[in-house]
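First comes the structure, then the notes that go with it.
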Amino acid sequence: MVNELKEQIKQAITIPFVLCVVCIALTFYGLPSIIKDTGSGMMVLMAVMPILVFIFAAANGYLARSIMSSLFFALLVLVLFIPAIFIYFNQTAWVYVIVYALVALVAGFVAFAIKKYNNKK
């Protein structure tokens, strides 16, 4: 069982996966620097970041070799956003950890399903 998990992790971690993770990290740690006031902060948290998470998760899901890549990506989104809460935001941003992880999970799974459907044609 442990060997199977190791093999799935090896299949999931590809160059597109790493690039998408780097882009998500840049989103979570670079984008908050443009926040000037509460309005721009809400815009970034509620619109810009979820859209970017969706785009990168969909790209990762479409380019992935296995569905596990989308799952790992969603978990990394969850883990990467937690330190950003302490650095840039306050405790009210904890809800976005779950929101961004779910957005990444759904986008990755849908993109992977679209890829599989297109490959069947």
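The values are calculated or read from the model by the stated rules, or taken from the named source; none is laboratory data. Predicted, not measured: the structure shown is a model, and the values here were computed from it. Neighbour counts are summed over all protein chains in view; Cβ atoms, including those assigned to glycine, are modelled from backbone coordinates with ideal geometry.
Every test in (1) within 22 Å of residue 110 (Cβ to Cβ); (2) free of Cβ contacts under 8 Å to residues at least 60 places away in the same chain is passed by residue 45 save one, and that test is (1).
When the range 24-42 is examined, which residues are found to be closer than 20 Å to residue 108 by Cα and β-branched (Val, Ile, Thr)? Quick ask: steps written out before the conclusion?
Step one: of the range 24-42, the residues closer than 20 Å to residue 108 by Cα are 24-28.
Passing the criteria: 24, 27.
Filtering the range 72-121 to residues that are in a loop (DSSP other than H, G, I, E, B) and among the hydrophobic types (A, V, I, L, M, F, W, C) leaves only 89. Taking residues in the range 87-104 that are crowded, with 18+ Cβ neighbours inside 10 Å, and partners anywhere that are of a type in the set (Ser, Thr, Tyr), the pairs with Cβ atoms closer than 9 Å and at least 6 places apart or on different chains are 104/70. Within the range 69-78, identify whether any single residue is loosely packed, with under 13 Cβ neighbours inside 10 Å, within 13 Å of the chain's Cα centre (by Cα) and either hydroxyl-bearing (Ser, Thr, Tyr) or over 13 Å from residue 21 (Cα atoms) (or both), and answer yes or no. Looking for residues that are loosely packed, with under 13 Cβ neighbours inside 10 Å, within 13 Å of the chain's Cα centre (by Cα) and either hydroxyl-bearing (Ser, Thr, Tyr) or over 13 Å from residue 21 (Cα atoms) (or both), one finds none in the range 69-78, hence no. Determine whether residue 54 is among the aromatic types (Phe, Trp, Tyr), within 9 Å of the chain's Cα centre (by Cα) and either under 25 Å from residue 6 (Cβ atoms) or modelled with pLDDT under 95 (or both). When the stated conditions are applied, residue 54 does not pass them.
Look at (1) surrounded by 12 or more Cβ atoms within 10 Å (Cβ to Cβ); (2) in contact (Cβ under 8 Å) with a residue 24 or more places away in the chain and you find that residue 82 fails only one, number (2).
Among all residues of the range 17-31, there is none that is modelled with pLDDT under 90 and not in a helix (DSSP H, G or I).
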